[in-house]
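*Asks:* Got a structure for you, questions after.
The values are calculated or read from the model by the stated rules, or taken from the named source; none is laboratory data. Since we're looking at a predicted model, the values are computed, not measured. Please note: Cβ atoms are built from the backbone with ideal geometry, for glycine as well, and neighbour counts cover all protein chains shown. Side chains are part of the model used for accessible areas, which takes the heavy atoms of the whole protein and leaves out ligands, DNA and RNA. Shrake-Rupley method; radii C 1.70, N 1.55, O 1.52, S 1.80 Å.
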Amino acid sequence: MVRSISILGSTGSIGRQTVAVAEHLGLQVRAISTNRSIKLAEEQARKLRPAMVAVTDESAAKELKTALADTDIKVWGGEHALVEAAVISDTDAVVTAVSGAVGLKPTLEAIKKKRRIALANKETLVCAGSIVMQRAADCGAEIVPVDSEHSAIFQCLTGRKGELRKVLLTGSGGPFRGWSREQTKDVTPEQAVRHPNWSMGAKISVDSATMMNKGLEFIEAMHLFGTTPDGIEVLIHPESIVHSMVELVDGTVIAQLGVPDMGLPIQYALTYPNRVASMSERLDFTKLGKGLNFYAPDFEKLPCLALAIQCARNGGTDAAVMNAANEVAVHLFLDHKIGYNDIYDSVAAAVQTVPRTENPDLDAILAADQEARAFVRAYFKQ
């Protein structure tokens with residue numbers, strides 16, 4: 001049973017919900033981290049009394065250090081501080097709730113310490129899934145997914161090793177389900193972050209709107225569950241009640257259902273293999289109205305999803321390039337510097353332009369990541 005945790009990205013949407021789950025379960029929080037949300041980080045620090053707070057923004061770290069001067073809580077600044085938070089002593093599990101490829105290094109370091117990785121940072125496996133999963137196996141570190149879809153698959157497959165035929169990965173379709181490229185050209189950031197079912201951070205909300213998020217989850221599922229692109233099928237499920245399913249070798253389909261509440265998969269990642277009472281609402285089947293619907297995705301209207309699946313098939317550094325390019329493009333969109341459709345156009349251009357490295361090591365992956373980011377900035381003259 002996990003008794004103490006570190007929360008990387010404690011001020012984000014998943015991080016805040018993890019704090020609530022930790023309090024519900026009575027877990028000790030040894031370390032928390034933020035980028036620059038120092039007001040909330042200070043509130044969390046005073047409430048949780050962690051040994052340290054990691055602040056990746058150096059100037060924000062100095063401000064928080066001053067704010068917490070009357071406590072014995074250490075404040076570390078810079079991206080390396082994330083690693084310190086991940087490997088801090090007397091920690092059973094690390095919840096990787098940071099957004100983006102910045103989660104890769106601290107995850108790898110936590111694996112060395114044989115910590116349980118409650119993985120909410122899908123970019124870690126998108127960029128370097130083969131390396132991460134192999135190192136976890138070598139070190140004996142558990143990786144338990146927090147994404148609702150991957151948690152569902154994980155739960156459906158427990159005790160069924162070798163029986164998987166196909167992963168059925170569900171997605172709501174986002175706020176613009178069924179819209180054409182012409183209809184989405186004038187979409188604003190404010191519209192894109194309004195997800196119909198889930199409460200999430202801005203970046204992941206935009207990824208859900210473009211369905212890039214489902215593409216990232218497609219690649220993540222390949223690594224987590226040891227399958228090929230042909231072993232995963234994406235289904236549009238607008239109600240977000242069936243979080244994902246697995247088809248077994250005999251044709252049986254097993255699904256995990258629940259209300260759209262990230263508290264459930266967060267808690268399960270920390271209590272696995274046990275289950276305890278949660279704070280989440282119970283699913284009432286009598287209130288589902290017209291029932292549950294499933295559709296095949298229209299890849300012409302969802303080019304980001306199609307691109308991600310193609311990158312999964314291409315292998316090498318393509319997924320890392322796509323992820324990095326998407327991170328930069330989404331942030332430019334959120335800053336009102338580019339249009340909604342520009343996200344796909346620039347990411348596709350990066351994948352086509354940045355040379356692919358086959359069977360990359362970690363250095364090659366990190367180099368491809370940086371080259372992709374530079375490409376997108378140059379593409380938009382930023």
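*Asks:* Computed over the Cα atoms, what is the radius of gyration of the range 157-239 divided by 2.2 N^0.38 Å, N being its residue count? Could the numbers behind the result be given before it?
*Replies:* Values: Rg = 14.9 Å, N = 83, 2.2 N^0.38 = 11.8 Å.
The value comes to 1.26.
*Asks:* Please compute the modelled spin-label separation between Asn293 and Val249, points set 7 Å along Cα→Cβ, answer in nm with one decimal.
*Replies:* Each label point lies 7 Å from its Cα, and together they span 3.7 nm.
*Asks:* Sorted by accessible area (1.4 Å probe), largest first, how do Glu281, Glu58, Glu239 line up? Spell out each step's value before the answer.
*Replies:* Working: Glu281 145, Glu58 105, Glu239 50 Å².
Largest accessible area first, the residues go Glu281, Glu58, Glu239.
*Asks:* Just add up the charged neighbours of Gly174: K/R +1, D/E -1, any other residue whose Cβ is under 12 Å from the Cβ of Gly174. Walk me through the numbers on the way to the answer.
*Replies:* Details: positive: Arg177, Arg194, Lys214, Lys301; negative: Asp207.
Charge balance in the 12 Å sphere: +3.
*Asks:* Over 12 Å, how big is the tail of the calculated P(r) for the range 94-135, in percent of all Cα pairs? Present the calculation step by step, with values, prior to reporting the outcome.
*Replies:* Details: 436 of 861 pairs.
Tail of P(r) above 12 Å: 51 percent of Cα pairs.
*Asks:* Same structure again: Determine the shape class of the range 274-313: with a ≥ b ≥ c the square roots of the Cα gyration tensor eigenvalues, call it rounded for a/c under 1.5, and otherwise prolate if a/b is greater than b/c, oblate otherwise.
*Replies:* Numbers: a/c = 4.48, a/b = 1.77, b/c = 2.53.
It is oblate, given that a/c is not under 1.5 and a/b is not larger than b/c.
*Asks:* Diagonalise the Cα gyration tensor of the range 298-373 and give the resulting equivalent ellipsoid semi-axes, square root of 5 times each eigenvalue, largest first, whole Å. Before the final figure, lay out the partial values.
*Replies:* On the way: eigenvalues 91, 49, 12 Å².
Result for the range 298-373: semi-axes of 21, 16, 8 Å.
*Asks:* Could you derive backbone 3J(HN,Hα) for the range 290-306 from the dihedral phi with the Karplus parameters 6.51, -1.76 and 1.60 (θ = phi - 60°), listing whole Hz in sequence and x where the residue is Gly or Pro?
*Replies:* Coupling constants for the range 290-306: 7, x, 10, 10, 9, 9, 6, x, 8, 5, 5, 8, 10, x, 5, 5, 4 Hz.
*Asks:* Related question: Once neighbouring chains are kept in place and the probe is 1.4 Å, which whole percent of the accessible area of the range 232-362 is contributed by carbon and sulfur? Display every interim value, and only then the final one.
*Replies:* Working: 3010 of 6070 Å².
Heavy-atom surface of the range 232-362 belonging to carbon and sulfur, 1.4 Å probe: 50 percent.
*Asks:* Which value, in Å² and to the nearest 10, is the accessible area of Asp230 when all protein chains are kept and the probe is 1.4 Å?
*Replies:* 110 Å²
*Asks:* Find the percent of Cα-Cα distances in the chain that exceed 40 Å, and round it to a whole number. Present the calculation step by step, with values, prior to reporting the outcome.
*Replies:* On the way: 7262 of 72771 pairs.
Of all Cα-Cα pairs in the chain, 10 percent lie more than 40 Å apart.
*Asks:* Here's a follow-up. Kindly list the residues of the range 239-253 that lie in the label zone of Arg282, defined by a backbone N under 19 Å from the point 7 Å along the Cα-to-C-beta vector.
*Replies:* Zone members listed by number: 241-242.
*Asks:* Determine, at each q value in 0.09, 0.12, 0.15, 0.18 (inverse angstroms), the log₁₀ of I(q)/I(0) that the Debye formula gives when each Cα of the range 176-314 is one equal point scatterer.
*Replies:* -0.32, -0.59, -0.93, -1.31
*Asks:* Once you order the gyration tensor axes a ≥ b ≥ c over the Cα atoms, which shape class does the range 49-191 get: rounded for a/c under 1.5, otherwise prolate or oblate by comparing a/b with b/c? List each step's numbers first, then the result.
*Replies:* Numbers: a/c = 2.55, a/b = 1.24, b/c = 2.07.
Oblate shape, in that a/c is at least 1.5 and b/c is the bigger or equal ratio.
*Asks:* What nm value, rounded to one decimal, do you get for the distance between Asp363 and Thr227 when each label is placed 7 Å out toward the C-beta?
*Replies:* For the pair Asp363/Thr227, the computed spacing is 3.6 nm.
*Asks:* Give the shape of the range 104-179 as rounded, prolate or oblate, defined through the alpha-carbon gyration tensor: a ≥ b ≥ c are the square roots of its eigenvalues, a/c under 1.5 means rounded, and otherwise the shape is prolate if a/b is larger than b/c and oblate if not.
*Replies:* Numbers: a/c = 2.45, a/b = 1.46, b/c = 1.68.
It comes out oblate by the Cα gyration axes.
*Asks:* Can you give me the long-range amide H partners of Ser33? Hydrogens built in the peptide plane at 1.01 Å from N, cutoff under 5 Å, separation of 5 or more residues or another chain.
*Replies:* Long-range HN contacts for Ser33: Ile7, Gly9, Ser10, Thr11, Ala54.
*Asks:* Here is a further query. What does the helix-only formula give at 222 nm for the chain: each DSSP H stretch with n ≥ 4 adding -39500 (n - 2.57), the total divided by the residues, and the result rounded to the nearest 500 deg cm²/dmol?
*Replies:* Numbers: 16 runs with 179 residues, N = 382.
Calculated from helices alone, the mean residue ellipticity at 222 nm is -14500 deg cm²/dmol.
*Asks:* Using a 10 angstrom cutoff on alpha carbons, build the Gaussian network for the chain and name the most mobile of Ala349, Ala221, Ala93.
*Replies:* Checking each option, the largest mean-square fluctuation is seen for Ala349.
*Asks:* To the nearest 10 square angstrom, what accessible area does Tyr340 show with a 1.4 Å probe?
*Replies:* 20 Å²
*Asks:* Tell me the accessible surface of Arg16 in square angstrom (1.4 angstrom probe, heavy atoms of protein chains only), to the nearest ten.
*Replies:* 120 Å²
*Asks:* Let me ask something else. Which pairs in the list Lys39/Lys65; Lys39/Lys74; Lys74/Lys105; Lys122/Lys214; Lys203/Lys337; Lys113/Lys161 are over 19 Å apart, alpha-carbon to alpha-carbon? Could the numbers behind the result be given before it?
*Replies:* Details: Lys39/Lys65 12 Å; Lys39/Lys74 16 Å; Lys74/Lys105 21 Å; Lys122/Lys214 10 Å; Lys203/Lys337 15 Å; Lys113/Lys161 26 Å.
Beyond 19 Å: Lys74/Lys105; Lys113/Lys161.
*Asks:* Next question. Can you grab the distance from the C-alpha centre of the range 100-135 to the C-alpha centre of the range 270-294, Å, no decimals?
*Replies:* Between the Cα centres of the range 100-135 and the range 270-294 lies a distance of 28 Å.
*Asks:* Here is a further query. Specify the residue with the greatest mean-square fluctuation among Gln183, Gln155, Gln191, computed from a Gaussian network of the chain linking alpha-carbon atoms under 10 Å apart.
*Replies:* Among Gln183, Gln155, Gln191, the largest GNM mean-square fluctuation belongs to Gln183.
*Asks:* Let me ask you something else. Roughly how many percent of the accessible protein surface of the range 52-115 is carbon and sulfur, given a 1.4 Å probe and a whole-percent answer? Walk me through the numbers before you get to the answer.
*Replies:* On the way: 1330 of 2870 Å².
Here carbon and sulfur together make up 46 percent of the probe-accessible area.
*Asks:* Sort largest first and round to whole Å: the equivalent ellipsoid semi-axes of the range 252-382, each the square root of five times a Cα gyration tensor eigenvalue.
*Replies:* Numbers: eigenvalues 259, 79, 55 Å².
The answer is 36, 20, 17 Å, longest axis first.
*Asks:* Measuring from centroid to centroid over Cα atoms, what is the spacing of the range 1-51 and the range 217-260 in Å?
*Replies:* What the calculation gives is 30 Å, centre to centre.
*Asks:* Using modelled backbone amide H atoms (1.01 Å from N, in-plane), which distant-in-sequence or interchain residues come within less than 5 Å of Gly77's amide H?
*Replies:* Val55
*Asks:* Share of antiparallel DSSP beta bridges in the chain, in percent to the nearest 5? Please list the in-between numbers first.
*Replies:* Working: 10 of 38 bridges.
If we restrict to bridges inside the chain, about 25 percent are antiparallel.
*Asks:* Which of Arg30, Arg181, Arg49 moves most in a GNM of the chain, Cα contacts under 10 Å?
*Replies:* Result for the chain, Cα springs under 10 Å: Arg181 fluctuates most.
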